[in-house]
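Participant: Encoded as structure tokens, here's the structure I'll be asking about.
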Amino acid sequence: MQFYRRLQPIRAISFDLDDTLYDNIPVMRAAEAANYAKLCELFPVAAAWSQAEWAQRRWQLMQTDADLASDMTLLRLATIRLGLMQLGIDSKQAEAGAEQVLAAFLARRNQVDVPAQSHQLLSELGQHYPLIAISNGNVDTTKIGLRDYFAHVIQPGDGRRGKPYPDMFTVAQQAYPHLCPAQWLHVGDSPVADVLGAQRMGWQTAWFKSGLYDASSLIVLPHVAYHDNRQLGHLLLERQR
């Protein structure tokens, strides 16, 4: 565990979900395969592009539309709809098909194996702090067995943009108006979405070193960096004694 800034008293904790509380890489691999299979089943012409090529088109759309880049559901829908239209499918069919493909994707995407360590961490911390989930992703916390740990689950939608935009952090603050920004700790693995996004709000941050990003990706330093959720649990529970 590395400390970069002095931690101030913490009154509430928010967690990113994907790749912070569980390994999301195998989940996404399986979900992407289900997504592509359903797409090609509904629209055989979609097989003109490989699964990797569809993923590349989604990445390109992320680079040109920052709002879509922060909302994984809208990004996926837009990628499928626009791609199908370019392949000659009319807009109404493309829109309806995108929704069907998304449903197949989500069915597989919500088959997550959350480690016992994460359940223990949230259970123990929840006895001392209000916990909130703030995620750009579209996982269903009820289906993966995490919903009961969180007082609020905040995700993009209804006009809310994803991290690092302030929208979802602001929703969390509004739920606890008696807390000042510096009393929040946000925990996540993304140097931009989580660390930069939360610190722009004046929050404290804990960076989970999942292995997806290295320190060169940090734009601002977190308050603390760690690689094992047991370390985070020990730190935060000790502060309650």
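Participant: Which residue, Pro130, Ala103, Gly202, has the largest displacement toward the positive end of the dipole of segment 75-229 when charges sit on each Cβ (Lys, Arg +1; Asp, Glu -1)?
Facilitator: Selected residue: Ala103.
Participant: Under unit Cβ charges (Lys, Arg +1; Asp, Glu -1), what dipole magnitude, rounded to 20 debye, does segment 62-165 have relative to its Cα centre?
Facilitator: Working: 10 positive and 11 negative charges, 14 e Å.
Dipole size: approximately 60 debye.
Participant: Over segment 9-147, with the other protein chains present, what is the accessible area per residue in square angstrom, probe 1.4 angstrom?
Facilitator: Value returned for segment 9-147: 46 Å² of accessible area per residue.
Participant: Additional query: Among the lysines in the chain, how many pairs, 8 or more places apart or on different chains, have alpha carbons under 26 Å apart?
Facilitator: Value for the chain: 5.
Participant: Multiply the residue gap between Ala182 and Glu53 by 0.36 nm, knock off their C-alpha separation, and tell me the result in nm, one decimal place.
Facilitator: Full-extension gain reported as 42.1 nm.
Participant: Which three extents, in angstrom, do the Cα atoms of segment 31-77 have along their principal axes, listed largest first?
Facilitator: The principal-axis extents, from largest down, are 30, 16, 15 Å.
Participant: To continue, here is another question. Can you give me the Cα centroid spacing of segment 1-76 and segment 183-236 in angstrom?
Facilitator: So the separation of the two Cα centres works out to 19 Å.
Participant: Considering only protein heavy atoms and a 1.4 Å probe, what is the carbon-and-sulfur percentage of the accessible area of the chain?
Facilitator: Ligands and nucleic acids excluded, carbon and sulfur reach 51 percent.
Participant: As a check on your grasp of the helix formula, calculate [θ] at 222 nm for the chain: sum -39500 (n - 2.57) over DSSP H runs of n ≥ 4, divide by the residue count, round to the nearest 500. Working shown, then result.
Facilitator: Values: 9 runs with 103 residues, N = 241.
Taking each H run of at least 4 residues, the total per residue is -13000 deg cm²/dmol.
Participant: Moving to a separate point now. For segment 119-226, what is the relative contact order in percent, using Cα pairs closer than 8 Å and at least 6 residues apart in sequence? Walk me through the numbers on the way to the answer.
Facilitator: Working: 159 pairs, mean separation 19.5, N = 108.
The value is 18 percent.
Participant: Is any residue of segment 182-210 close enough, with backbone N under 18 Å, to a label point placed 7 angstrom from the Cα of His152 along the Cα-Cβ axis, and if so, which?
Facilitator: Residues 182-188, 194, 197-205 fall inside that zone.
Participant: Once whole DSSP H runs in the chain are found, which of them have Cα atoms spread over 15 Å or more along the helix axis and a mean Kyte-Doolittle score of at least -1.0?
Facilitator: Qualifying helices: 25-42, 72-86, 91-109.
Participant: Rank-order 172-179, 25-32 by packing density, defined as the average count of other C-beta atoms within 10 Å over each peptide's residues, highest first.
Facilitator: In decreasing order of mean packing, 172-179, 25-32 become 25-32, 172-179.
Participant: On to the next question. Take the Cα atoms of segment 97-241, build their convex hull, and give its volume per residue in Å³.
Facilitator: Here the figure is 127 Å³ per residue.
Participant: OK, next. What does the charge dipole of the chain about its Cα centre add up to, to the nearest 20 debye, if the Cβ of each Lys and Arg holds +1 and the Cβ of each Asp and Glu holds -1?
Facilitator: Dipole size: approximately 440 debye.
The values are calculated or read from the model by the stated rules, or taken from the named source; none is laboratory data. Just so we're clear, the structure is a prediction, and the values are computed from it rather than from any experiment. Counting neighbours? That spans all protein chains shown, and the Cβs are built from the backbone with ideal geometry, glycine included. Remember, those area values only see protein heavy atoms, side chains included, never the ligands or the DNA or RNA. Shrake-Rupley method; radii C 1.70, N 1.55, O 1.52, S 1.80 Å.
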